[in-house]
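Down below is the structure, laid out as structure tokens.
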Amino acid sequence: MNKIWIFLFVISIIALCFGDPTQVLSGLLTASNSAVKLSFSLCAIYAIWMGLFMILEKSGLSQKLSKFLSPIINKIFGKCNLSNESKQYVSMNISANLLGMGGAATPLGIKAIESMQKDNKDKSTITFPMIMLIAISCSSVQLLPTSIIGMLASAGSKEPTAIILPSILCSIISTAIAILLVYLFHFIFDRKKDKTNG
């Protein structure tokens, strides 16, 4: 990450030295102005959904949501015995991702990983459920891509909701591939481990 920031910094210095400083500074001001407007628009969306997820957690509805999503979680995570706390955070993480709230899903995913780590016997090794959760969170099925719709609307799009169907199809395919790859690599790793132990 540091290399990327250094590269961007160097490119910016070169642009200022060899380009037209007036155009560069004008572009910077316009872009930063747009970024601030977009940030405030997204903050409003995230504030609403984060508040709803906090209400879910405090009211105990997260437990009901966990029970509702439990069959899906059990299928995806296989025979792994997740604690009730882990299941609650995983179900809320999946729900946030379904609503296209990646930013809201991230803290819930971190809490789920922390909960899984409590049950992890070898604290220095990542477990299968942790890997699976990371893969699902990164690919994430989105039924309602709220963040993207918000970005399109703030950019002045006439049909910001036109992305819903393509987003659903792409995210379902990406999540299915992610789950299959986790199982594939887990199977390969287990076979190598068995050969080493044998």
Among the candidates Pro71, Pro129, residue that is surrounded by fewer than 17 Cβ atoms within 10 Å (Cβ to Cβ) and either part of a helix (DSSP H, G or I) or in contact with a Pro (Cβ under 9 Å, 6 or more places away or on another chain) (or both): Pro71
Would you check which residues across the stretch 1-37 are assigned to a helix (DSSP H, G or I), open to solvent by less than 80 Å² (accessible area, probe 1.4 Å) and either at pLDDT below 75 or of a type in the set (Asp, Glu) (or both) and list them? Ala15, Leu16, Pro21, Val24
Which listed residue is buried (at least 18 other Cβ atoms within 10 Å of the Cβ) and of a type in the set (Gly, Ala, Ser), from Ser157, Ser124, Ser115: Ser115
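Quick grid of which residues meet (1) within 30 Å of Ala35 (Cβ to Cβ); (2) of a type in the set (A, V, I, L, M, F, W, C); (3) not in a helix (DSSP H, G or I):
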residue: Lys158; (1), (2), (3): yes, no, yes
residue: Leu165; (1), (2), (3): yes, yes, no
residue: Ile168; (1), (2), (3): yes, yes, no
residue: Thr175; (1), (2), (3): yes, no, no
residue: Leu181; (1), (2), (3): no, yes, no
residue: Phe187; (1), (2), (3): no, yes, no
Could you check how many residues of the stretch 142-154 are modelled with pLDDT of 75 or more, of a type in the set (Val, Ile, Thr) and open to solvent by less than 60 Å² (accessible area, probe 1.4 Å)? 1
Flagged pairs (Cβ under 6 angstrom, 6 or more apart or on separate chains; first in the stretch 79-99, β-branched (Val, Ile, Thr); second surrounded by fewer than 24 Cβ atoms within 10 Å (Cβ to Cβ)) are Val90/Ile73
Residue count, the stretch 7-61 (criterion: over 30 Å from Ser95 (Cα atoms) and hydrophobic (A, V, I, L, M, F, W, C)): 16
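The values are calculated or read from the model by the stated rules, or taken from the named source; none is laboratory data. Predicted model only: the values in this text are computed from it and were never measured. Because the Cβ atoms are built from the backbone with ideal geometry, glycine has one as well, and the counts that use them run over all protein chains shown. Just so you know, the surface numbers come from the protein's heavy atoms only, side chains and all, with ligands and any DNA or RNA stripped out. Shrake-Rupley method; radii C 1.70, N 1.55, O 1.52, S 1.80 Å.
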